Each structure stands twice: as C-alpha cells, then as structure tokens.
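Reviewing the structure listed below.
The values are calculated or read from the model by the stated rules, or taken from the named source; none is laboratory data. Quantities reported herein were computed from a predicted structural model and do not represent experimental measurements. So basically every Cβ, Gly included, is an ideal-geometry build from the backbone, and we count neighbours across all protein chains shown. These accessible areas exclude ligands, DNA and RNA; they are computed on the full protein's heavy atoms, side chains included. Shrake-Rupley method; radii C 1.70, N 1.55, O 1.52, S 1.80 Å.
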Amino acid sequence: MREYEYHAPLSLERLFELAEAEGMEVRFLAGGTDLMPRISAERNQIPRDRKPPMRIIYLGGLGLDEVTDDGESVTIGATASLSALLDNGAVRTKLPALHEALREMAGVSVRNTATIGGNIMNASPAADSVPPLLVLGAECLLRSAAGERRVALSEFFTGPGKTVARPGELLVSVTVKPGRGGSAFRKLGRRKAETLSVVNAAACVELRDGLCESVRIAVGSAAPVVVRCTGAEQALVGKKIDENSVREAGALVVKALSPIDDIRSSAWYRARVAPTMVARALLAAAERKRG
Amino acid sequence: MSQILRFHLNGNPAEVMAGEAETLLDTLREGLGLTSPKCGCNRGDCGACTVILNGNAVKSCTVLALTVEGKSVWTVDGLVDGERAGEPEGGESPAPRSLSGHKLHPVQTAFHEYGAPQCGYCTPGMVMAAVAFLDRNPSPTEEEVKDALSGNLCRCGGYKKYVQAVMAAARGEFDPLPERSGRNV
Ligand SMILES: Cc1cc2nc3c(=O)[nH]c(=O)nc-3n(C[C@H](O)[C@H](O)[C@H](O)COP(=O)(O)OP(=O)(O)OC[C@H]3O[C@@H](n4cnc5c(N)ncnc54)[C@H](O)[C@@H]3O)c2cc1C
Ligand code: FES
Ligand code: FES
C-alpha cells in the first residue's frame with residue numbers, strides 16, 4: 001500500500017522546506033472535506049499501480065485564516081472556514097454574492113471544517129465560491145520558497161482540478177475589491193443542501209441613472225472551468241436590467257458554455273437552465289443596487 | 001506508519017496511535033473502541049459520523065485524525081450526566097436512561113420520547129449535530145433546525161420526528177437544556 005507522511009508546520013519557512021520533497025506527492029491539507037474522501041477511497045482499494053508516497057502538510061497551524069477589510073478591499077485568508085466567513089460582517093455587507101454562495105454550500109457540519117482556499121484550489125468547475133469571487137474581481141496571492149505572486153482569479157483555472165499554481169505553491173489569501181456594484185449568486189442543486197451545483201451563476205451590476213453601466217456574469221458547472229460570459233455582459237450595457245433584458249442576455253450565455261453529462265445532470269439540462277440562473281442572479285444583483 | 005495523538009475526548013485527556021492518513025472516525029472507532037460515531041459513507045455525505053470538534057459539529061470521516069492534536073472532541077458517549085441517575089422511578093413511562101443507567105441529554109430524551117430513531121444508525125450523528133446547534137441557538141425556528149440537520153441523512157426517512165424532537169428539546173419539554181456544558185474545552 002501507498003505510504004503517507006503527515007506534518008503540521010507552524011511556520012511558512014518550515015512549510016516550504018517540507019514542500020520540496022523529491023519523489024513524493026506533496027499535498028496541502030486544509031479542512032480535508034475534498035481531500036480526505038479521496039485518500040480514504042484510495043486506501044480502500046487494492047492498488048493497481050505503485051504510487052509515490054504522499055506527504056500531507058496540514059495548514060491549520062499557520063494562522064492563515066484572518067479576514068481583513070481596509071475599506072477598499074477585503075482580504076480573506078485561505079484557511080478561513082466557510083462557517084467563519086458566513087458569520088463575517090465584511091463578507092455579508094460588502095460581498096453579498098459570496099455570502100449567498102456560502103449559505104448554500106454543503107451543510108453546517110461540512111462548512112465548519114471546509115475552507116475557502118480548499119474550495120478554490122480543488123478547482124472543481126462546480127465550486128460555489130468561484131463565480132461570486134470572479135464577478136467581484138478577486139485576485140489570488142500565491143507563495144512558494146521562490147517568493148510571492150498575484151494572479152487574477154480569471155486566469156487561475158486551467159481545467160477541472162487544474163490551476164496555474166505550481167506544485168508546492170501555497171494559496172495564502174484571496175483579495176476582493178467590492179467597488180460600487182451590487183452582486184448576487186444563484187445555485188441550482190439537486191436538492192437544497194449538501195449537494196454540488198447542477199449549474200450556478202453570479203452577477204455583479206453597476207447602475208447609472210437606472211441603466212446598466214457595467215456588469216460581470218459568471219457561470220459554474222457548465223464548462224471545464226467557471227466561465228465569464230462577456231457576450232451577455234456586452235449586450236446589457238446601457239440597458240435597463242429588467243425581465244426582458246435579462247432574458248435576452250441569458251440566451252447569449254449558452255454560447256460561453258460547454259456543458260457535459262455527469263452524475264448530477266445532463267449537458268442538455270445544464271444548457272437549458274443556465275440562462276434562467278443567470279437571469280435570476282442579474283435581477284437580484286440589480287435589485288440589491290437599487291435597494 | 002503512525003504517530004501519537006493527544007487530545008481531549010469527552011472532557012478527558014486521550015492518547016492514541018493514529019495512522020498518518022487515518023480519519024478521525026477510524027481513530028475513534030478502531031483506535032479508541034468508541035463505536036458511537038458510525039460510518040455510513042466515509043466521504044462526507046451522510047453525517048452518521050458527526051462529532052463535536054472544538055464546539056462545532058463536524059463529519060469525522062473528513063477530518064484527518066492527527067489534525068485534532070490538542071483539540072477537544074465530544075461524542076454521544078460524553079453527553080450522559082456524570083452521575084449515575086439511580087434506578088428509574090416507576091410509573092407509566094419512566095424517564096429513559098442510558099444503558100449504563102445514566103441520565104440522558106434532553107436531545108436524547110426527546111429523540112426517545114418522539115420515537116425518532118428507527119434503525120438508529122443515523123442517530124448518534126443526529127444527536128451531535130442537534131446538540132452543537134442548540135448549544136449555539138437554544139430557541140430555534142423549525143427552519144433553522146432543518147438547516148442544522150441538513151447534513152445528516154436518515155435512510156429510514158424519519159426526518160420529521162427528528163425535527164419535532166429537537167424543537168421539543170429546545171422548548172424544554174423534558175429537562176431544560178444544559179449550559180454549553182464545557183463542550184468547548
Ligand atoms: C457533503 C459535501 C458537500 C459539499 N458541498 C459543496 C458545495 O455545495 N459547494 C462546493 O463548492 N463544494 C462543496 N463540497 C466540496 C468541499 O467541501 C469544498 O470544496 C471545500 O471548500 C474544500 O475545502 P477544504 O478546506 O475541505 O479542502 P481540502 O480537502 O483540505 O483541500 C482540497 C484541495 O485543495 C488543496 N489546498 C487546500 N488549501 C490549499 C492552499 N491554501 N494552498 C494550496 N492548496 C490548497 C489541497 O491540497 C487539496 O488538493 C462539499 C463536500 C462535501 C463532502
Ligand atoms: S460517514 Fe462521514 S459523512 Fe458519511
Ligand atoms: S433511523 Fe435508520 S437511518 Fe435514521
């Protein structure tokens with residue numbers, strides 16, 4: 001059977017020493033809600049091929065869970081739990097789309113351990129925190145022994161389970177500049193709780209004199225990565241956000257998608273419901289701006 | 001390979017060898033012989049393995065055991081009143097007791113009185129999810145209770161009675177809810 005190592009470093013220096021390990025698969029562990037089921041499944045199977053030892057590095061001892069708000073931007077530490085973020089005042093008032101997503105993610109007992117960094121780094125096309133963070137213009141701070149770099153979330157994902165982060169590179173935090181826009185998130189799951197999205201959507205709308213000045217739309221679980229829908233965005237600029245305009249914009253969304261059939265839904269159904277989820281997110285975002 | 005793990009279990013110090021990739025659920029059940037947390041799915045979906053970690057309900061099959069070093073874990077085994085409650089009084093329906101004759105937590109009493117468990121497999125997880133929730137929110141609405149139990153599946157399908165029973169426990173229909181009774185330690 002495969003061998004495992006476990007380390008719980010208390011400093012980043014130590015972490016980066018550990019992260020450089022020849023001939024091992026290095027895995028960071030935050031809440032474990034994605035990783036542990038995978039490890040348990042692997043341990044319960046007769047191994048087909050020889051896998052290198054896995055070095056598990058626990059991130060809970062590093063104090064990377066702080067949320068700071070400097071008035072202009074909100075920075076969320078990677079190991080902040082979804083529950084802590086749901087209770088956070090800055091997230092609730094300044095990042096309503098993210099707050100709505102957190103409320104619909106899993107259930108309380110998963111949210112108590114699951115982290116936002118894990119949700120991003122797991123890079124599932126169905127990750128619910130990603131569409132809100134995308135429309136809010138989030139930026140990721142990555143760090144490794146070689147130094148730090150910032151990457152826009154819009155350029156972060158390269159495929160299902162894949163990001164631009166290099167092996168051994170740690171997601172430290174994600175920073176969002178809320179700006180003037182109103183934002184909202186809508187999720188369609190197979191049931192209300194403890195389920196991944198069939199399709200989800202987030203929108204962020206800025207209005208001037210009642211007309212749409214700028215808008216960002218993101219749809220998840222309908223392509224290999226969460227996608228921005230620029231065609232639909234352009235079609236809305238200068239218009240009133242109402243039932244008609246969001247329906248027209250919704251129809252354009254499908255062009256940006258390449259849904260697949262999987263255990264949660266069919267490609268056909270995803271393409272049918274994505275416009276509706278986008279329309280709902282848009283109306284809610286615009287309403288939030290007015291209200 | 002394994003490492004030594006020291007933590008607080010039901011208010012007492014505990015020490016056990018835990019494998020480097022082992023779940024908290026496996027350590028509790030196999031390392032410590034505490035079989036009240038159940039394994040329904042081993043992948044975070046069902047909630048049968050729910051325990052209270054540092055005051056929060058968590059699914060112990062998604063927690064790597066060694067990460068609970070120095071933390072506090074509670075299972076249903078820690079809920080019973082420290083003192084033996086003595087012989088149940090006679091009468092129509094004597095107050096339910098644990099197998100060891102101890103007094104139950106009001107949530108347990110309510111589950112018993114409302115006939116919520118059927119096969120009982122999901123029950124320890126339901127109890128811990130409900131206790132962690134009531135510790136935080138002692139006078140909830142029914143919607144809030146449903147939300148708190150949404151991560152706990154019951155294959156027998158007895159959801160309604162579980163929710164009714166938690167509401168009854170919150171109302172103090174049996175014993176009053178204890179203070180957070182140290183489950184944060
Ligand atoms: C029952 C259930 C329901 C769920 N429901 C939802 C849902 O509704 N919506 C949703 O989006 N997700 C859902 N999930 C998935 C999961 O809970 C989330 O993706 C969660 O946020 C993962 O965080 P974690 O801390 O548990 O990650 P972990 O499992 O600890 O890590 C996940 C991956 O990210 C890597 N990683 C973690 N942190 C970092 C970091 N800081 N830097 C670099 N790499 C890192 C790990 O190496 C690993 O590969 C659900 C899971 C379960 C079990
Ligand atoms: S056994 Fe842990 S959630 Fe099912
Ligand atoms: S009582 Fe049988 S699973 Fe809930």
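Kindly provide the set of residues from the range A:115-148 that are of a type outside the set (A, V, I, L, M, F, W, C) and within 10 Å of the chain's Cα centre (by Cα), ordered by number.
Filtering the range A:115-148 for residues of a type outside the set (A, V, I, L, M, F, W, C) gives A:115, A:117-119, A:122, A:124-125, A:128-129, A:131-132, A:137, A:139, A:143-144, A:147-148.
Selection gives A:GLY117, A:GLY118, A:ASN119, A:ASN122, A:SER124, A:PRO125, A:ASP128, A:SER129, A:PRO131, A:PRO132.
Is it the case, given these coordinates, that B:LEU5 is crowded, with 17+ Cβ neighbours inside 10 Å, part of a strand (DSSP E or B), over 16 Å from the mean Cα position of the chain (by Cα) and more than 13 Å from ligand 2 (Cβ to nearest atom)? Can you show your working first?
On the way: crowded, with 17+ Cβ neighbours inside 10 Å: yes; part of a strand (DSSP E or B): yes; over 16 Å from the mean Cα position of the chain (by Cα): yes; more than 13 Å from ligand 2 (Cβ to nearest atom): yes.
For B:LEU5, the condition - crowded, with 17+ Cβ neighbours inside 10 Å, part of a strand (DSSP E or B), over 16 Å from the mean Cα position of the chain (by Cα) and more than 13 Å from ligand 2 (Cβ to nearest atom) - is met.
Restricting attention to the range A:175-206, which residues are assigned to a strand (DSSP E or B), in contact with a Gly (Cβ under 8 Å, 6 or more places away or on another chain) and open to solvent by 10 Å² or more (accessible area, probe 1.4 Å)?
Scanning the range A:175-206 gives A:CYS204, A:GLU206.
Report yes if A:ARG14 is among the basic types (Lys, Arg), under 30 Å from B:ALA57 (Cβ atoms) and either assigned to a helix (DSSP H, G or I) or within 14 Å of another protein chain (Cβ to nearest Cβ) (or both), otherwise no.
For A:ARG14, the condition - among the basic types (Lys, Arg), under 30 Å from B:ALA57 (Cβ atoms) and either assigned to a helix (DSSP H, G or I) or within 14 Å of another protein chain (Cβ to nearest Cβ) (or both) - is not met.
Do we find that B:LEU64 is away from ligand 2 (no atom under 14 Å from the Cβ) and either buried (at least 24 other Cβ atoms within 10 Å of the Cβ) or aliphatic (A, V, I, L, M) (or both) in this structure? Can you show your working first?
On the way: away from ligand 2 (no atom under 14 Å from the Cβ): no; either buried (at least 24 other Cβ atoms within 10 Å of the Cβ) or aliphatic (A, V, I, L, M) (or both): yes.
Spelling it out, it is not the case that B:LEU64 is away from ligand 2 (no atom under 14 Å from the Cβ) and either buried (at least 24 other Cβ atoms within 10 Å of the Cβ) or aliphatic (A, V, I, L, M) (or both).
Listed here are the residues, each with its yes/no results for (1) of a type in the set (Gly, Ala, Ser); (2) at pLDDT 95 or above.
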site: A:GLY159; (1), (2): yes, yes
site: A:ARG166; (1), (2): no, yes
site: A:VAL172; (1), (2): no, yes
site: A:GLY181; (1), (2): yes, no
site: A:ARG228; (1), (2): no, yes
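Condition check ((1) small (Gly, Ala, Ser); (2) open to solvent by 40 Å² or more (accessible area, probe 1.4 Å)) across all residues:
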{"position": "A:TYR4", "(1), (2)": "no, no"}
{"position": "A:SER40", "(1), (2)": "yes, no"}
{"position": "A:ARG43", "(1), (2)": "no, yes"}
{"position": "A:ARG48", "(1), (2)": "no, yes"}
{"position": "A:LEU62", "(1), (2)": "no, no"}
{"position": "A:VAL74", "(1), (2)": "no, no"}
{"position": "A:ALA78", "(1), (2)": "yes, no"}
{"position": "A:ARG92", "(1), (2)": "no, yes"}
{"position": "A:SER109", "(1), (2)": "yes, no"}
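Within the range B:134-149, how many residues are part of a loop (DSSP other than H, G, I, E, B), open to solvent by less than 50 Å² (accessible area, probe 1.4 Å) and more than 14 Å from ligand 3 (Cβ to nearest atom)?
So the count comes out to 2.
Starting from residues that are part of a loop (DSSP other than H, G, I, E, B) and buried (at least 19 other Cβ atoms within 10 Å of the Cβ), keep the ones in the range B:154-170 and report whichever is nearest to ligand 2 (Cβ to nearest atom).
From the range B:154-170, those part of a loop (DSSP other than H, G, I, E, B) are B:154-158; that's our starting set.
Retained after the next criterion (residues that are buried (at least 19 other Cβ atoms within 10 Å of the Cβ)): B:154, B:158.
On the way: B:CYS154: 12, B:GLY158: 17 Å.
It comes out as B:CYS154.
What helices (runs of 4 or more DSSP H), lying completely within the range A:48-114, carry at least 3 residues that are facing chain B (nearest Cβ under 9 Å) and either within 26 Å of B:GLY47 (Cα to Cα) or within 16 Å of the chain's Cα centre (by Cα) (or both)?
Here the list reads A:108-111.
Name the residues in the range B:49-79 that are modelled with pLDDT of 95 or more, within 21 Å of B:THR109 (Cβ to Cβ) and either facing chain A (nearest Cβ under 8 Å) or not in a strand (DSSP E or B) (or both), would you?
B:THR50, B:ALA57, B:THR75 - these are the residues of the range B:49-79 that are modelled with pLDDT of 95 or more, within 21 Å of B:THR109 (Cβ to Cβ) and either facing chain A (nearest Cβ under 8 Å) or not in a strand (DSSP E or B) (or both).
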